[in-house]
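Read the figures in this text as sums done on the coordinates, not as results from a lab. What you are looking at is a predicted structure, and each value in this text was computed from that prediction instead of being measured. Positions of Cβ are backbone-derived with ideal geometry, glycine not excepted, and every protein chain shown enters the neighbour counts.
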Amino acid sequence: MDIFSIIAEEKIRKAMENGEFDNLPGQGKPLQLEDLSHIPEELRVAYKVMKNANIVNDLDTLQKELMTIDDLIDSCKSSENSNRLNKEKRLIEKKLEALLKKRKSLDTKASAFYKERMLERLKKQ
């Protein structure tokens, strides 16, 4: 064991003795592990960070809503309902467009660099 591991173990032991780990939320319950097998291993940390920041969730939700509305429009027989669904679809498309524009505003030299590296890795797969 290196010195940092020894220090960490000592601090954990002291915290346990002082009861600092008692009554934590989720104590005694199993961890809820997420299946990330559909995401390339080198992108999983980035995906988790984006998901925890609700970046992925918003985009996924809007895309699923669009797909659902498209299906409803295809199966709709009433022009009145079809018109209402088309209005709803345009609203969701505007939300999606605004979300994408908001994300693009975060383009910096650093994010452009990482974007290029991620694209390169994806092309290799």
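In straight-distance terms, cross-link reach from K51 covers every one of the aspartates and glutamates whose alpha-carbon lies under 15 Å from its own, apart from those fewer than eight places away in the same chain; here that gives E34, D35, D60.
Residues I39, I92, arranged from fewest to most other Cβ atoms within 10 angstrom of their Cβ, appear as I39, I92. Looking at the range 5-82, the GluC sites (Glu not before Pro) that sit in a DSSP loop and have at most 15 other Cβ atoms within 10 Å of their own Cβ are E20, E34. Taking 0.36 nm per residue of separation and subtracting the Cα-Cα distance, full extension of the segment from K14 to K94 would add 23.4 nm. For the range 34-106, a/c is not less than 1.5, where a ≥ b ≥ c are the root eigenvalues of the C-alpha gyration tensor, and a/b does not top b/c. That puts it in the oblate class.
Each of M1, M16 was scored by other Cβ atoms within 10 Å of its Cβ. Arranged with the fewest first, they read M1, M16. For the range 1-107, trypsin sites (Lys or Arg not before Pro) meeting the loop criterion (DSSP other than H, G, I, E, B) and having at most 11 other Cβ atoms within 10 Å: K77.
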